[in-house]
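K.L.:
Let me begin by handing over the structure; questions about it come next.
Any read-out appearing in this document is the output of simple, stated calculations on the displayed coordinates, not a laboratory observation. Given the structure is predicted, the values throughout are model-derived calculations rather than measurements. With ideal geometry, Cβ positions are generated from the backbone for all residues, glycine too; neighbour counts draw on all protein chains shown.
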Amino acid sequence: MADRPIIFSAPMIQALLAGQKTQTRRVIVPPPPFDIGDDITVPLATGEIRPRWAAGDRLWVKETWRATEEWDARPPRAIQPGYTRYEADPCTAHSYGKLRPSIFMPRWASRLTLVVSEVRAQRLLDINEEDAEAEGICNFAEQHDRPGSWNGLSMVERLALVRTIYGSPRQAFRHLWEMLHGVDAWNANPWVAAISFTVLQANIDALPADALDIAGTA
């Protein structure tokens, strides 16, 4: 069991908060070869694909954020809790300062923790329709249609709109993947870690002692 950071975009943060995202896929990077001379390279791969994630891992979510203006000249580690705003949330004030990329979010500022229940190593194109739905694809589709226009719709109605716009949840996920990784990324069909998880709306260091039991991974 390990604690690791993980980055999500604003639409996926919204899906996590809404309880509509319980899977994510991350490319598995193969180990580099081992050089033993100027012209000789020995592959280290044994043919076994091993994701870096495992059941029981806790992933603290990093997202784009801001602090109030008086903190703009200060590094993230110096900002006090309570002065932050998350970019995925509706704006409720105008006194917030510069945009801070998700990669620079410190652990203390994270508000979501994912407890991993299962990790499958598979090819990207092995994703099925149910998996695509679990990826939170409805939130992505809404953001690229008319943000906010799907409010109040049932999941059945939202999925119907996804099928109208993209043909299927799987095709919508393909569109998302190519936006994130490039137009040829889908057809490249890389090995990915298909990570299933339970979402806990709390900082990783503020979880109750029985958090793993709550997530069903103990």
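K.L.:
Net charge within 15 Å of residue 87 by Cβ-Cβ distance, Lys/Arg positive one each and Asp/Glu negative one each, not counting residue 87 itself? Show your work: numbers first, answer last.
P.N.:
On the way: positive: 62, 66, 85, 98, 100, 111; negative: 63, 89.
Once positives and negatives cancel, what remains is +4.
K.L.:
Here is a follow-up. Contour minus end-to-end for residue 52 and residue 129, with contour as 0.36 nm per residue of separation and end-to-end as the Cα-Cα distance?
P.N.:
Working: separation 77, 0.36 × 77 = 27.72 nm, distance 2.51 nm.
That works out to 25.2 nm of additional length.
K.L.:
Check residue 97: other-chain or 5+ apart residues with amide H under 5 Å from its amide H, H built from backbone geometry?
P.N.:
So residue 97 has HN proximity to 67, 68, 69.
K.L.:
Counting Lys +1, Arg +1, Asp -1, Glu -1, what net charge surrounds residue 53 among other residues with beta carbon under 12 Å of its beta carbon? Before the final figure, lay out each step's value.
P.N.:
Details: positive: 4, 25, 26, 50, 52, 58, 120; negative: 3, 57, 118.
Charge balance near residue 53 sits at +4.
K.L.:
What does the charge count near residue 127 come to, summing +1 for each Lys or Arg and -1 for each Asp or Glu among other residues with Cβ under 10 Å from its Cβ?
P.N.:
On the way: positive: 25, 123, 170, 174; negative: 126, 129, 130, 131, 135.
Once positives and negatives cancel, what remains is -1.
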